[in-house]
Amino acid sequence: MSNHDTAYEPASNVGKWFDERLPAMRMMHGQFVAFPTPRNLNYMWTFGGILSFCLVVQIVTGIVLAMHFVPTAASAFDSVEAIRRDVNYGWLIRNIHAVGASMFFFAVYLHMFRGLYYGSYKAPREVLWILGVVIFLLMMATGFMGYALPWGQMSFWGATVITNLFSAIPIVGEAITHWLWGGYAVSGVTLTRFFLLHYLLPFAIVGVVILHIWALHVTGQNNPTGIEVKSKSDTLPMTPFAVWKDAFGLGVFVLLFAWFVFYVPDYLGHADNYKMANPMATPAHIVPEWYYLPFYAILRAIPNKLMGVTAMFSSILILLFLPWLDTSNVKSAKYRPLFRIFFWIFAFTCVALGYLGGKPAEGIYVTWAQIFTAYYFAFFLLIMPIVGVMETPKPLPRSISEAVLGKNGNSSVAAGAPAGATSAPEKR
């Protein structure tokens, strides 16, 4: 897929001279203009571009905020409030950054569920999927450390609870916990360390994202049918077809983003985090940000601390082995009726765990968390391997073109292309 033709020709003598020595524009044209994309991509494929947008927004606003933030226990809380009140447009930059974290995770969860549904983790895209999971892990670490920076009540106690979990690891647990703290308790030293890591990790994410995009352009994109590209009639050039679809999806996403930023910027936060951290007053109910709640529910569903920590981290690390846990040769759940049922139960399970993670760890909430935790792991370790063997999939179309146009369809009609662009395949 990466070895495709590009019609790029420099328009000037300077451009030709530069192209002979460093064909950067030729490469960009080949990978982001002429790059062949499956003609049947739907709007769930726009989240790759949306996530790139979120990453840039978080880095740019984060750099500006870092210029004014004071990473000390005595001044952190006040500096955040000063940014909102005294810095020119500080309220806007801070709101974009805070809401952006939630929007980033919202988009990445939809992106991951799309990959699960359409089998984007299967050969030849195993490395692409693994790099995506690595990005997710880095995002979780970055988000957790960023949540501690305002040094509010929930920031302080959330950092205390989560870092304490590492002490459950045999032999090295206490040493890791003390290293994270920079001492024997969460303090200003911990805040400084978290600030440094929160600033640096996004640049590590950028590096892995570059590898992720590289891997995508080597193997090519998956598509709703899960069938590999077999001919030029199965594809359309990335620009303008996929780009315009991405632009529309991003526009809708930005509207949602802006609504939160301008109307309810604090809605996704916790009220206790607008009180300055007090090590002597424990909040009645300590909870992390909403995007960690499913994993927090798994942690609390198991009474044993070590087993709970193991289950929580395993619930994420198990995603790395997904390409080998699914035994079906059919990628898309569109053609797997039995798997599709289990998939939607799994999606409901994740939402339910998120709800339970925000509730007190008592009574019926714990019981239901245990039930949904059991199904979460059963989906990967039992259902995927067994259903893949016993299920009879629906017949697959012979090609992407057939899936779009039908067996007797006119292959010259570019499905999903705008009016006046129906002759695109012949031109290529």
- Query: Taking segment 383-409 on its own, how many of its residues are assigned to a helix (DSSP H, G or I) and more than 19 Å from Asn329 (Cβ to Cβ)?
  - Reply: 3
- Could you pull out the residue among Ser52, Ser12 that is hydroxyl-bearing (Ser, Thr, Tyr) and not assigned by TED's automatic domain parsing to the domain that holds Ser233? Ser12
- Task: Go through the residues of segment 47-58 one by one and say whether even a single one is in contact with a His (Cβ under 8 Å, 6 or more places away or on another chain) and of a type in the set (Gly, Ala, Ser).
- Result: yes
- All but one of (1) small (Gly, Ala, Ser); (2) surrounded by fewer than 19 Cβ atoms within 10 Å (Cβ to Cβ); (3) not in a helix (DSSP H, G or I) hold for Ser328, so report the exception by its number. (2)
- Task: Provide a single number: the residues in segment 360-376 that are in contact with a helix residue (DSSP H, G or I) (Cβ under 7 Å, 6 or more places away or on another chain) and at pLDDT 95 or above.
- Result: 9
- Considering only segment 213-241, state which residues are of a type in the set (Gly, Ala, Ser), assigned to a helix (DSSP H, G or I) and at pLDDT below 95. Ser233
- Taking Leu200, is it free of Cβ contacts under 8 Å to residues at least 60 places away in the same chain, part of a helix (DSSP H, G or I) and either surrounded by fewer than 17 Cβ atoms within 10 Å (Cβ to Cβ) or in contact with a Pro (Cβ under 8 Å, 6 or more places away or on another chain) (or both)? yes
- Message: Among the residues of segment 51-109, what is the count of those that are in contact (Cβ under 8 Å) with a residue 60 or more places away in the chain, in contact with a helix residue (DSSP H, G or I) (Cβ under 6 Å, 6 or more places away or on another chain) and outside any helix (DSSP H, G or I)?
- Response: 4
- Message: Condition check: in contact (Cβ under 8 Å) with a residue 40 or more places away in the chain and either outside the structural domain of Leu196 (by TED's automatic domain parsing) or farther than 28 Å from Gly188 by Cβ (or both). Does Arg39 satisfy that?
- Response: yes
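Listed here are the residues, each with its yes/no results for (1) out of contact with any His (no Cβ under 8 Å at 6 or more places or on another chain); (2) surrounded by fewer than 15 Cβ atoms within 10 Å (Cβ to Cβ); (3) under 24 Å from Leu356 (Cα atoms).
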| residue | (1), (2), (3) |
| --- | --- |
| Val252 | yes, yes, no |
| Pro288 | yes, no, yes |
| Pro294 | yes, no, yes |
| Met307 | yes, yes, yes |
| Met312 | yes, no, yes |
| Tyr335 | yes, no, no |
- Subset of segment 345-366 [aromatic (Phe, Trp, Tyr), surrounded by fewer than 18 Cβ atoms within 10 Å (Cβ to Cβ) and either assigned to a loop (DSSP other than H, G, I, E, B) or under 19 Å from the mean Cα position of the chain (by Cα) (or both)]: Phe348
- Note on the structure: When Arg85 is run through (1) in contact with a Pro (Cβ under 9 Å, 6 or more places away or on another chain); (2) in the same structural domain as Phe195 (by TED's automatic domain parsing), the failure sits at (1)
- Task: All but one of (1) at pLDDT below 95; (2) farther than 22 Å from His270 by Cα; (3) acidic (Asp, Glu) hold for Glu81, so report the exception by its number.
- Result: (2)
- Query: Take the residues of segment 203-222 that are of a type in the set (A, V, I, L, M, F, W, C) and touching a Ser or Thr at 6+ places or on another chain (Cβ under 8 Å): which is surrounded by the most Cβ atoms within 10 Å (Cβ to Cβ)?
  - Reply: Ile205
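Every residue, every condition in (1) surrounded by fewer than 15 Cβ atoms within 10 Å (Cβ to Cβ); (2) farther than 30 Å from Met154 by Cα, yes or no:
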{"residue": "Ser12", "(1), (2)": "yes, yes"}
{"residue": "Asn40", "(1), (2)": "no, yes"}
{"residue": "Met44", "(1), (2)": "no, yes"}
{"residue": "Ile50", "(1), (2)": "no, no"}
{"residue": "Cys54", "(1), (2)": "no, no"}
{"residue": "Gln58", "(1), (2)": "no, no"}
{"residue": "Gly62", "(1), (2)": "no, no"}
{"residue": "Ala66", "(1), (2)": "yes, no"}
{"residue": "Val87", "(1), (2)": "no, no"}
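The values are calculated or read from the model by the stated rules, or taken from the named source; none is laboratory data. Because the structure is a prediction, the values reported are computed rather than measured. No Cβ is skipped: glycine too gets one built from the backbone with ideal geometry, and neighbour counts run over all protein chains shown.
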